[in-house]
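The structure under discussion appears below in the form of C-alpha cells.
The values are calculated or read from the model by the stated rules, or taken from the named source; none is laboratory data. Values in this document were obtained by computation on a predicted structure and should not be read as measured data. Glycine also receives a Cβ, built like all others from the backbone with ideal geometry; neighbour counts cover every protein chain displayed. Heavy atoms of the whole protein, side chains included, go into the accessibility calculation; ligands, DNA and RNA do not. Shrake-Rupley method; radii C 1.70, N 1.55, O 1.52, S 1.80 Å.
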Amino acid sequence: MMMMMMMMLPPALLAAARPPGPGVSRVAGLATDFGLEVFREVVKASPERNVAFSPYGVAAVLAMLQLGAAGDSRSQIEGAMRFAVDDWGIPQALRQLQKLVMDPRNRDVVGLADAVFVQRDLELAPDFMPRFHRIFRQTVKQVDFTESEQARGIINDWVQKHTEGMIQDFLQKGTLDERTRLVLVDAIHFKGLWSLPFQAAATRPRLFHKIDGSSTSVPMMEQTAKFNYGEFSTPEGMEYDVIELPYQEETLSMLIAAPFGKDAALSALSSRINTRLVADWQSSMVRVTRLLVLPKFSLESEADLRGPLEALGVRDVFSASKANFSSLSGQESLFVAQALQKVKIDVSESGTEASSATAAVVYSRMAPLEVVLDRPFLFLVRHNPTGTLLFMGQVMEP
C-alpha cells in the first residue's frame, strides 16, 4: 500500500510519504500503544457511551510529566510507556515525528502544540528547562496561580487558540487554586477533507441500531466508490469489517471497524486494538468497489485519566506522599492532582475536523457489497507514514 501511495503522490510529497526512520517508527509505535491502553481503560469504565479520545495527546502529556519525575514515579511512567523520553535518540525521533505529522506540504491541517505553565516563583531544577526545550522545542510559560481564575483564563485561551476554537473552557472553574504549581498541556487540531467527498444530496435519514436493541433515526451519508476494505475476525471468532477513508493526500486516513452482527459487543474489538493489529488491517485490505453508508456524527467527550493511568501502573504521581518530581523542582514536593482530556470531533460529507486538549495539573503537596455502519463502531484517525493515532473513539449512538 505504501508503494501505491508513493506512486500517487506528487514529487513534493514523496519525502513525507516515505517510511520514517526506525527511531521515529519505534517511538510512534510505543507512544500509540500506550495511548491505546489508556483508551481501553477509559471505555472499560463506560462501555455503552460515546467516547472521543486522542492517544497521541495522552502520550505527549505523560512524556512531559516523565521529564520531571524521579525515582519510582519516573519508573512507573517509563514502565507504562515502555520508553524513557531522554534516552539517546528519543528527543530527535519525537521532533521528527511531529514534523512528519505536521508536514506543511499536506493540504490536511494538523497542528500540534505543547506547553508547561509554571508558577512564576517556583524554582525549577537547573536542567529541566533545557531538557524540555531540547525535546519539545517549547518554552516554559510563567503564570501566577494565586490568581487562579486569571491563570485558568490564560491556559484556556491558549487551548482555544491551538484548537482553532473547538475546545473552549477546557479547565473548569475550581480546577486551579493556590496549591497549583504547574499545568502541562498538549493541544491538537486536525482538519482534513475526504479524498472522495460525500454528496450532501445523498444524505438521508436511516435507522442506527444501538447495542440495547433499540433504533434511532440519524442522517446517513452514502457513496459508491473504490475503498481499501477487509474482513477480519477476532481469536474468539467475532467477525468484523474494516474500511479506510483517505483524506486529500492519503497521508492521513480514517479507519472504521465494525462487527458484522448488530448485537455484537464492540468491546470484543476495542480491547484488542494495538499498532500491530492496525498495521495488519492495512496490509491485508484490498481495493474494492463498495457502497459505503456512514452516519454523520459529532462527538464531544471528557475523560478523567487518573483511574486509567493508575490501572496501567502509573500510581505514585497521584499520591501526595509518594510522588517524586525532584527532577522538575527541589523547592517543593509536588504531585499530580488531575489528569484530564477533552476531545471534539465532527465528521460530515466534506471531511473531518477534530481537536483535543490533554492536561496534567500538578499541585504542591500540601465482505458485504454494502458497508452500512448502522451499529456501534470504532474510528481511528491515523498518520499513515508513522502509524501515529491522532484521534480515535467509539460511536455508540451518533
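Values computed for the structure shown
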quantity	calculated
Candidate set: region 94-134, residues that are over 18 Å from the mean Cα position of the chain (by Cα) and surrounded by 21 or more Cβ atoms within 10 Å (Cβ to Cβ); chosen: the one modelled with the lowest pLDDT	Asn106
Out of Val42, Val85, sole residue that is closer than 29 Å to Asp157 by Cα and modelled with pLDDT of 90 or more	Val42
Number of the exception - Glu239 against (1) of a type in the set (D, E, K, R); (2) over 23 Å from Gly192 (Cβ atoms); (3) surrounded by 15 or more Cβ atoms within 10 Å (Cβ to Cβ); (4) over 20 Å from the mean Cα position of the chain (by Cα)	(3)
Selection from region 51-82 of residues that are open to solvent by 10 Å² or more (accessible area, probe 1.4 Å), over 18 Å from Leu182 (Cβ atoms) and not acidic (Asp, Glu)	Tyr56, Gly71, Ser75, Gln76, Gly79, Arg82
Any pair with Cβ under 9 angstrom, 6 or more apart, that starts in region 248-266 at a residue that is closer than 23 Å to Ser348 by Cβ and in a strand (DSSP E or B) and ends at one that is β-branched (Val, Ile, Thr) and open to solvent by 10 Å² or more (accessible area, probe 1.4 Å)	Leu252/Val110
Residues that are surrounded by fewer than 23 Cβ atoms within 10 Å (Cβ to Cβ) and either under 16 Å from Ser364 (Cα atoms) or touching a Phe, Trp or Tyr at 6+ places or on another chain (Cβ under 7 Å) (or both), drawn from region 184-198	Leu193, Trp194, Ser195
Meets criteria (closer than 30 Å to Met221 by Cα, open to solvent by 40 Å² or more (accessible area, probe 1.4 Å), at pLDDT 95 or above and touching a Phe, Trp or Tyr at 6+ places or on another chain (Cβ under 7 Å)) for Val286	yes
Hits in region 115-150 (condition: of a type in the set (D, E, K, R) and assigned to a helix (DSSP H, G or I))	Arg131, Arg134, Glu149
Sole exception among (1) modelled with pLDDT of 90 or more; (2) open to solvent by 30 Å² or more (accessible area, probe 1.4 Å); (3) within 22 Å of Glu249 (Cβ to Cβ) for Met3, by number	(1)
Residues of region 148-187 satisfying the condition of being out of contact with any helix residue (DSSP H, G or I) (no Cβ under 8 Å at 6 or more places or on another chain) and small (Gly, Ala, Ser)	Ser148, Ala151, Gly153, Gly165, Gly174
Residue ID - least open to solvent (accessible area, probe 1.4 Å), chosen from residues in region 151-183 that are closer than 18 Å to Glu353 by Cα and assigned to a helix (DSSP H, G or I)	Val159
